[in-house]
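First up is the structure itself, then whatever we jot down about it.
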Ligand SMILES: O=P(O)(O)OC[C@H]1O[C@](O)(CO)[C@@H](O)[C@@H]1O
Ligand SMILES: [Mn+2]
């Protein structure tokens, strides 16, 4: 049984480093504690309000049946908020969706663990509880057709796209001008552009609606003008190594049929998604890649994460924009999808609570898929938490160690810091940062471009 296999996961890493405890709201005063106590209830309240505000629409679309379904969904979400705030035991899922058994097995795995207390909001791992909240929101809707496909975060996501419009125009304009000349670029120029667009995609990760508790949080200014001044805030910058992977692959291409595949595990919709698509377009146009595989979420997740609907909507909005450069980008991107050089996937694993080192056991097919990649970008904070298991690692433990054998291909995390976990720092670096800025790990003011090539060793 999967539960038993997970229980057998070693408590030390391959090099004998002890695997630390998970971050959890049980550590009073930690960011996990404040998230569970304040931020998650706030997000739930906003979700309930959104459903409420759409009452009229449900009525128009589905008549009284729609209104009744809506009321029941609201009552389930309010019950969920109450369970959270009163630290009730975690309940199994009952909606029969394809991942429900995996969720329930995970719960059983925790129940069978060394903790004598029942898994609950303020006692269990933060990563698990936060993921579970989003899955329970989905259950509230799923149990009440015709609400199943309603995305409670859709309004916030579309609004954040529109309020980033000027920044999107600025980056699209820059990119298209550069792309016109790209065929004549020497490697040094290509490298400079790669580093620039990787940084744009990196800082694009500031625009997430989970950290802001669902409040508007978009990119208002031209992202290019601040890149230079933000450089000192990149605490780990392995972009040179990433570049080496890309350029070596290009140089060593043996034949026209050798294909370089790059995967981007997406994070937020809105401005961040546009920056990811620009990076993807650049990788193709420069010949550094032949095909890009995107990975998104199959249900609304952490407020602003990209679903297939958001992805398609973004491409359509770009095309329909009343601005030439924006709409040209949209048209090219749609073409990339139609030609199969951009491929979108949404595996259920991405919306399970597991740390990524569990992937070979829990989602072997996805792991095998990622093994076909030549380089994987993991966008954002939540992906970093899952890469490192959301554990209390010391700042100086290496990224490879924290990955605990998750090594499908060379991989790179592009993440702004919004949770109190960070590995791979120099001795003293974390302590120094903490002394000068109490919020350095949770404010999104700092970032990392962190690379691992441990699959080779
Ligand atoms: O969109 P991202 O970068 O994954 O961030 C998600 C946010 O939600 C959190 O999980 C906290 O609610 C943080 O880790 C982060 O602030
Ligand atoms: Mn996100």
Unique match (being in contact with a helix residue (DSSP H, G or I) (Cβ under 8 Å, 6 or more places away or on another chain) and more than 26 Å from residue 421 (Cβ to Cβ)) among 254, 260: 260
Any pair with Cβ under 6 angstrom, 6 or more apart, that starts in the stretch 18-32 at a residue that is surrounded by fewer than 16 Cβ atoms within 10 Å (Cβ to Cβ) and ends at one that is part of a loop (DSSP other than H, G, I, E, B): 20/392; 20/393; 21/392
Odd one out for residue 309, checked against (1) more than 12 Å from ligand 2 (Cβ to nearest atom); (2) assigned to a helix (DSSP H, G or I); (3) crowded, with 23+ Cβ neighbours inside 10 Å: (3)
From the options 175, 185, residue that is modelled with pLDDT of 95 or more, in contact with a helix residue (DSSP H, G or I) (Cβ under 8 Å, 6 or more places away or on another chain) and crowded, with 17+ Cβ neighbours inside 10 Å: 175
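Of these, 415, 391, which one is surrounded by fewer than 22 Cβ atoms within 10 Å (Cβ to Cβ), closer than 24 Å to residue 208 by Cα and either under 17 Å from the mean Cα position of the chain (by Cα) or more than 16 Å from ligand 2 (Cβ to nearest atom) (or both)?
Working: 415 fails: surrounded by fewer than 22 Cβ atoms within 10 Å (Cβ to Cβ).
Just a single option satisfies the conditions, and that option is 391.
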So residue 348, is it away from ligand 2 (no atom under 16 Å from the Cβ) and surrounded by fewer than 22 Cβ atoms within 10 Å (Cβ to Cβ): yes
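Criterion first (part of a helix (DSSP H, G or I), free of Cβ contacts under 8 Å to residues at least 24 places away in the same chain and in the same structural domain as residue 38 (by TED's automatic domain parsing)) does residue 57 satisfy it?
Yes, satisfied.
Which is within 16 Å of ligand 1 (Cβ to nearest atom) and under 30 Å from residue 27 (Cβ atoms), of 401, 396, 388? I'd like the intermediate steps shown before the answer.
Values: 401 fails: within 16 Å of ligand 1 (Cβ to nearest atom); 396 fails: within 16 Å of ligand 1 (Cβ to nearest atom).
388 is the lone residue from the list that is within 16 Å of ligand 1 (Cβ to nearest atom) and under 30 Å from residue 27 (Cβ atoms).
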Residue in the stretch 366-377 that is closer than 24 Å to residue 204 by Cα, without any contact (Cβ under 8 Å) to a residue 60 or more places away in the chain and buried (at least 22 other Cβ atoms within 10 Å of the Cβ) present: no
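Is it fair to say residue 268 is assigned by TED's automatic domain parsing to the domain that holds residue 300 and in contact with a strand residue (DSSP E or B) (Cβ under 7 Å, 6 or more places away or on another chain)?
Values: assigned by TED's automatic domain parsing to the domain that holds residue 300: yes; in contact with a strand residue (DSSP E or B) (Cβ under 7 Å, 6 or more places away or on another chain): yes.
Yes; evaluated as a whole, the condition is true for this residue.
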Checking residue 105 against (1) touching a helix residue (DSSP H, G or I) at 6+ places or on another chain (Cβ under 6 Å); (2) surrounded by 19 or more Cβ atoms within 10 Å (Cβ to Cβ), the condition it does not meet: (2)
So residue 284, is it within 30 Å of residue 47 (Cβ to Cβ), outside any strand (DSSP E or B) and in contact (Cβ under 8 Å) with a residue 12 or more places away in the chain: no
Of the criteria (1) in contact with a helix residue (DSSP H, G or I) (Cβ under 8 Å, 6 or more places away or on another chain); (2) buried (at least 18 other Cβ atoms within 10 Å of the Cβ); (3) touching a residue at least 60 places away in the same chain (Cβ under 8 Å), which one residue 138 fails: (1)
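The values are calculated or read from the model by the stated rules, or taken from the named source; none is laboratory data. Predicted model only: the values in this text are computed from it and were never measured. In this analysis, Cβ positions are derived from the backbone assuming ideal geometry, glycine residues included, and neighbour counts consider all displayed protein chains.
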